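Reviewing the structure listed below.
The values are calculated or read from the model by the stated rules, or taken from the named source; none is laboratory data. From a predicted model like this one, the values you see are computed outputs, not experimental measurements. All Cβ positions, even for glycine, are placed from backbone atoms using ideal geometry, and neighbour counts span all protein chains on display. Accessible surface areas use protein heavy atoms only, side chains included; no ligands, DNA or RNA. Shrake-Rupley method; radii C 1.70, N 1.55, O 1.52, S 1.80 Å.
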Amino acid sequence: MRRTLPEQDLIEIYRETLRPLYAFVSRRVGGDAGLAEDLVQETWMRALDTWPARGLPDNPAAWLMRVARNTLVSHLRRQRPDPIDPALIDIEDERFSPAASDSAVIVGWGLAQLRRPHAEVLEAFYFDGQSVSEIAAAQCVSERAVEGRLHRARKKLKKKLARIVRRD
Amino acid sequence: MRHPLERHEPSAEFAARLESQLVSEVRRRNLRAQGPAWATWSLAQVLTAAAVVVLASMSVGGAAVVVAYEAQNSQVRDQLLSNVERRAGLARMRLDQAAKEQEAAQRRFEVGLEGSAAVLEKDTAVAGAQAEVDLLALDLEEIRLTGREPRSELSAPRVSGRDFVGERLRVELSVPEKVLVVERQLLEAIEKRVAIGVVGPVDLEVARSRVFDVEASLETIRRKIAIREQFLSGKIAVAETELRVLEAEAEQKTKTLAPKIELARQEVARLTQKADVGLVLAVDVAQATVRRLELETALSKAELDLLLIRRRLSEHREP
């Protein structure tokens, strides 16, 4: 049954969630403002499509971020990045960070090819800047388990990225 | 250049633009969910609105040439184009997503994991998304030709020989056409289930009512296409065109309310029987009765509006 959406509630949710949602998306696209804005806008359009029928979610920010992530993954899966210099993407180097838009898009593309549990642990580590202990607390597992997951996820990601590494 | 710390902060301009877009979008959707705006207006408001539409159409027609030249301002056109192009990009994303979901549902159906209803629902979503892409493509073409917002009223003139209003109506037609196929298939499935006693006759009536709603919606769009053709061929003037649109919409409203009232009556009778044996509360019966009365009031109002629109039409034909 389609219901109307209370305008005031929607605006309050929008104002409360815009900054965290935008930051969530922007970090995953290396600060590419145009792409981040398109993704945030698309996420909100999906909220307007869904919420009148299903009602407001219990945690709108979490809902929006999940939808934004799915939209970004769909977007990245359709892309095929240009070949890259392997020196730029050394994901096993502890100092590596996908802060620039080029490397963020490439890492994002690689993560979009991975299974969700692997992708999520790497996203939390690379894009949300969470430490191993924070990820462990959020996922209710031991730090050792997170380290293991990170190691395995990095190996999988490296394998995916090997497809687009430039061979001179 | 942004400060590095502000890299992941939305710009104030974007925040304000998206908020404004969301507010207007939610208002538009809420209005659509509540039915046509004019259906809730008083008689005087309907007539005033009709008069305003007629006057506005006449004045816009007279000033169209002047406005067209003024609006050729490339900055305005670029802004409009950029906005619609962005929406078109998102619409294409939605279409891709809908097509993927449809394919996935089809695969699940083929291996028996999903019923045909889910596939039909995804088919409809693809048709809706395709229509959105096509409508935005038409908007882009019209903006490129005129440099201003696309016009949707049936009395709008052709643009460089093209009938964008008619083309849009034909695209809009494709959605209820698809929905009708789906709803008829669902109705057939429910008829079979009723025959073997798996579902009750109320579900059948609801399904019939949905088919009827879509048929009425299709008929209204087809009538609008016919009105548009009459206007373009010079058989009817601006004022009559707009009144005929109001008439078509009012007729749709009265037609679709009648079966809903019948359903509401059946629901009251069903609940009353259950209340008599203590299976539901008296308050449930009262709620269903209020719902029935609301629908009956809406029908009376729609019939009165239709009467007045027709009177205005006859006055217009016989000055």
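So which residues in the stretch A:15-40 are in contact with a helix residue (DSSP H, G or I) (Cβ under 6 Å, 6 or more places away or on another chain), facing chain B (nearest Cβ under 9 Å) and more than 12 Å from B:H8 (Cα to Cα), if there are any at all?
Hit for the stretch A:15-40 is A:V40, nothing else.
Is it fair to say B:A226 is farther than 30 Å from B:R170 by Cα, out of contact with any Ser or Thr (no Cβ under 8 Å at 6 or more places or on another chain), at pLDDT 90 or above and not basic (K, R)? Full working, then the answer.
Numbers: farther than 30 Å from B:R170 by Cα: no; out of contact with any Ser or Thr (no Cβ under 8 Å at 6 or more places or on another chain): yes; at pLDDT 90 or above: yes; not basic (K, R): yes.
Answer is no for this residue.
Identify, from the list B:L173, B:L263, B:L204, the residue that is open to solvent by less than 70 Å² (accessible area, probe 1.4 Å), over 30 Å from B:A286 (Cα atoms) and assigned to a helix (DSSP H, G or I). Write out each step before concluding.
Working: B:L263 fails: over 30 Å from B:A286 (Cα atoms); B:L204 fails: over 30 Å from B:A286 (Cα atoms).
Matching residue, one of B:L173, B:L263, B:L204: B:L173.
Out of curiosity, is B:R108 of a type in the set (D, E, K, R), touching a Leu at 6+ places or on another chain (Cβ under 8 Å) and more than 30 Å from B:E240 (Cβ to Cβ)? Can you show your working first?
Values: of a type in the set (D, E, K, R): yes; touching a Leu at 6+ places or on another chain (Cβ under 8 Å): no; more than 30 Å from B:E240 (Cβ to Cβ): yes.
It is false that B:R108 is of a type in the set (D, E, K, R), touching a Leu at 6+ places or on another chain (Cβ under 8 Å) and more than 30 Å from B:E240 (Cβ to Cβ).
Just name the residue that is farthest from A:P98 (Cα to Cα) out of those in the stretch A:24-62 that are among the charged types (D, E, K, R) and within 20 Å of the chain's Cα centre (by Cα).
A:R46
Name the residues in the stretch A:1-37 that are of a type in the set (D, E, K, R) and touching a residue at least 60 places away in the same chain (Cβ under 8 Å), would you?
To start, the set of residues in the stretch A:1-37 that are of a type in the set (D, E, K, R) comprises A:2-3, A:7, A:9, A:12, A:15-16, A:19, A:27-28, A:32, A:37.
Those that are of a type in the set (D, E, K, R) and touching a residue at least 60 places away in the same chain (Cβ under 8 Å): A:R27, A:R28, A:D32.
Residues being open to solvent by 60 Å² or more (accessible area, probe 1.4 Å) and not charged (D, E, K, R): count how many of those fall in the stretch A:131-168. It would help to see each step written out before you state the result.
First, the residues of the stretch A:131-168 that are open to solvent by 60 Å² or more (accessible area, probe 1.4 Å): A:134, A:137-140, A:142-144, A:147, A:149, A:151-152, A:155-156, A:158-159, A:163, A:166-168.
Subsequent filtering for residues that are not charged (D, E, K, R) retains A:137-140, A:142, A:151.
Summing the residues that are open to solvent by 60 Å² or more (accessible area, probe 1.4 Å) and not charged (D, E, K, R) in the stretch A:131-168 gives 6.
If I ask for residues that are facing chain B (nearest Cβ under 7 Å) and outside any helix (DSSP H, G or I), which ones from the stretch A:4-14 would you list?
Within the stretch A:4-14, A:T4, A:L5 meet the criteria.
Here is a check on your reading of the model: is B:R87 open to solvent by 40 Å² or more (accessible area, probe 1.4 Å), part of a helix (DSSP H, G or I) and more than 14 Å from chain A (Cβ to nearest Cβ)?
On the way: open to solvent by 40 Å² or more (accessible area, probe 1.4 Å): yes; part of a helix (DSSP H, G or I): yes; more than 14 Å from chain A (Cβ to nearest Cβ): no.
For B:R87, the condition - open to solvent by 40 Å² or more (accessible area, probe 1.4 Å), part of a helix (DSSP H, G or I) and more than 14 Å from chain A (Cβ to nearest Cβ) - is not met.
Report, ordered by the first and then the second residue, all pairs with beta carbons closer than 8 Å, sequence separation of six or more or different chains, a first member in the stretch A:122-144 that is more than 17 Å from A:R66 (Cβ to Cβ), and a second member that is polar (S, T, N, Q).
Cβ pairs passing all conditions: A:Y126/A:S97; A:A136/A:S142; A:E143/A:S133.
Out of all the residues in the stretch B:302-318, is one or more among the charged types (D, E, K, R), loosely packed, with under 11 Cβ neighbours inside 10 Å and touching a residue at least 60 places away in the same chain (Cβ under 8 Å)?
In the first step, residues of the stretch B:302-318 are kept if they are among the charged types (D, E, K, R); the result is B:303, B:305, B:310-312, B:315, B:317-318.
Next, from what is left, pick out any that are loosely packed, with under 11 Cβ neighbours inside 10 Å: B:315, B:317-318.
Right, trim to touching a residue at least 60 places away in the same chain (Cβ under 8 Å) and you get B:317.
Yes.
Being open to solvent by 10 Å² or more (accessible area, probe 1.4 Å) and at the interface with chain B (Cβ under 10 Å from one of its Cβ atoms) is the filter here, so list the residues in the stretch A:54-73 that pass it.
A:N70
Answer yes if at least one residue in the stretch B:150-162 is over 18 Å from the mean Cα position of the chain (by Cα), under 30 Å from B:L263 (Cβ atoms) and crowded, with 16+ Cβ neighbours inside 10 Å, and no otherwise.
We begin by selecting, within the stretch B:150-162, every residue over 18 Å from the mean Cα position of the chain (by Cα); these are B:155-162.
Retained after the next criterion (residues that are under 30 Å from B:L263 (Cβ atoms)): none.
No, every residue in the stretch B:150-162 fails to be over 18 Å from the mean Cα position of the chain (by Cα), under 30 Å from B:L263 (Cβ atoms) and crowded, with 16+ Cβ neighbours inside 10 Å.
Tell me the residue from B:E167, B:E188 that is open to solvent by 80 Å² or more (accessible area, probe 1.4 Å) and either assigned to a helix (DSSP H, G or I) or in contact with a Gly (Cβ under 9 Å, 6 or more places away or on another chain) (or both), please. Steps first, answer last, please.
Working: B:E167 fails: open to solvent by 80 Å² or more (accessible area, probe 1.4 Å).
Just a single option satisfies the conditions, and that option is B:E188.
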